[in-house]
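Working notes, beginning with the structure itself.
The values are calculated or read from the model by the stated rules, or taken from the named source; none is laboratory data. Keep in mind the model is a prediction, meaning the values are calculated, not measured. All Cβ positions, even for glycine, are placed from backbone atoms using ideal geometry, and neighbour counts span all protein chains on display. Side chains are part of the model used for accessible areas, which takes the heavy atoms of the whole protein and leaves out ligands, DNA and RNA. Shrake-Rupley method; radii C 1.70, N 1.55, O 1.52, S 1.80 Å.
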Amino acid sequence: MQHFLDIESLSSTQVIHLLQRAQYFKKERNFPVFNQCRLANLFYENSTRTRVSFELAATHLSIPVINLDLASSSESKGEVILDTVKNLVAMGINLLVIRHHQNSLQHSLATQLGPIAHIINAGDGQHAHPSQALLDVMTIIEKKPNLRDLKIAIIGNIRHSRVANSLQRLFALLGVGQLKLVAPQLWLPEKVFFGETTESLQTGISDADVVICLRIQNERLTNSDQIDRQAYREGYALTKETLSFAKSDALVMHPGPINRGMEIDSDIADGPQSCILQQVHNGVFMRMAIIESLLQ
Ligand code: CP
């Protein structure tokens, strides 16, 4: 694999290999050494989990990491990102983890760079967040391995969510039994890759094995995308009452950052069914597997 851009570019064999390697790293703590490589984190949008997770993953693989301070980078002097990336490659960086608000920017950089470095998509606009989807599936499989038997519900601002797009693609590839995409009309996806949409939280979540809650992507909403927050909370928040529609052992997941008291209540986010911190923990091992697959 030359670049890691989206789920659509992966085969089921590649996905299964990544899941197996991530699980191996987690269990065995036996890590290969890639100390000739260098990784740079270029986050043009905020991040806590993904940036730190890629940094830790690289560190476990003995890869030195450069975190670019983009506020003081030469982009502010008019440099285009392709030139920034080419200059980093010229200095010996061969792995570039990039998050950007523009859809498919990483695809375009990968096409223009070719084989001189590896581009890793850490989130592009509303399009894709493939490493998040993979770590989510790793977390689901640990508790409920028979994906074909599962009903999964994704709840919230699906239209503006790159995580929801990547999850739909991955669930389709792996043959998940049933996927419900639950949102108010205005936040249902414009294009559905897999699953069925519903505006009814009760219908969507009823008997679900896994409930994935999304935050409201405030930074991507235009004036015409706005929904009254109190009405949204009353109709779609994950609370003790709404979670009771799902199976009693349903997994509660959230890619983070969570907005307590808006899309999810604290007693659910911190409760016994929550896998939110397990997702974050698994993310380090999944990102190790992704980096390794690019270097082999
Ligand atoms: N899930 C996720 O992408 O979190 P960050 O924005 O903190 O990286």
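Just a few scattered comments:
- With a 1.4 Å probe rolled over the protein heavy atoms of all chains, the accessible area of His101, His254, His3 falls in the order His101, His3, His254, largest first.
- Cα gyration tensor shape for the stretch 215-284, rounded if a/c is under 1.5, else prolate or oblate: oblate
- By the helix-only formula, in which each DSSP H run with n ≥ 4 contributes -39500 (n - 2.57) and the sum is divided by residues, the chain has a 222 nm mean residue ellipticity of -11500 deg cm²/dmol.
- The mean sequence separation of alpha-carbon pairs under 8 Å and at least six residues apart, normalised by the residue count of the stretch 134-250, gives a relative contact order of 30 percent.
- Straight-distance candidates among the lysines for linking to Lys151, with alpha-carbon spacing under 18 Å and chain neighbours fewer than 8 residues away dropped: Lys143, Lys180, Lys247.
- Cα-projected label distance for Gln202 with Thr239, points at 7 Å along beta-carbon direction, nm: 1.4 nm
- Taking all protein chains together and a 1.4 Å probe, the residues Ile16, Ile227 rank Ile16, Ile227 from largest to smallest accessible area.
- Net charge over other residues, Cβ less than 13 angstrom from the Cβ of Asp207 (K, R count +1; D, E count -1): 0
- Rounded to the nearest 0.05, the FRET efficiency derived from the C-beta distance between Ser62 and Gln278 at R0 = 25 Å is 0.45.
- Centroid-to-centroid separation of the stretch 153-205 and the stretch 222-264 [C-alpha atoms, Å]: 14 Å
- For the stretch 234-287, averaging the sequence separation of C-alpha pairs within contact (under 8 Å, six or more residues apart) and dividing by the residue count gives a relative contact order of 41 percent.
- Rounded to the nearest Hz, the phi-derived 3J(HN,Hα) couplings of the stretch 31-45 under the Karplus curve 6.51 cos²θ - 1.76 cosθ + 1.60 (θ = phi - 60°) are 10, x, 10, 10, 6, 8, 9, 9, 10, 10, 9, 10, 10, 8, 10, where x marks glycine and proline.
- Across the chain, the mean sequence separation of Cα contacts (distance under 8 Å, 6 or more residues apart), normalised by length, yields a relative contact order of 21 percent.
- Modelled label positions at Val52 and Ser224, each set 7 Å beyond Cα in the direction of Cβ, lie 3.9 nm from each other.
- Label zone (Ala231, point 7 Å along Cα-to-C-beta; backbone nitrogen cut-off 19 Å) within the stretch 155-193: 156-160, 182-189.
- Applying 0.36 nm per residue to the separation of Leu295 and Ala172 and subtracting their alpha-carbon distance, the gain on full extension is 41.6 nm.
- When each full DSSP H helix of the chain is screened for a Cα extent of at least 27 Å along its own axis and an average Kyte-Doolittle hydropathy of at least 0.0, the helices passing are 276-295.
- Pair Asp270, Lys86: separation of 7 Å Cα→Cβ label points (nm): 5.2 nm
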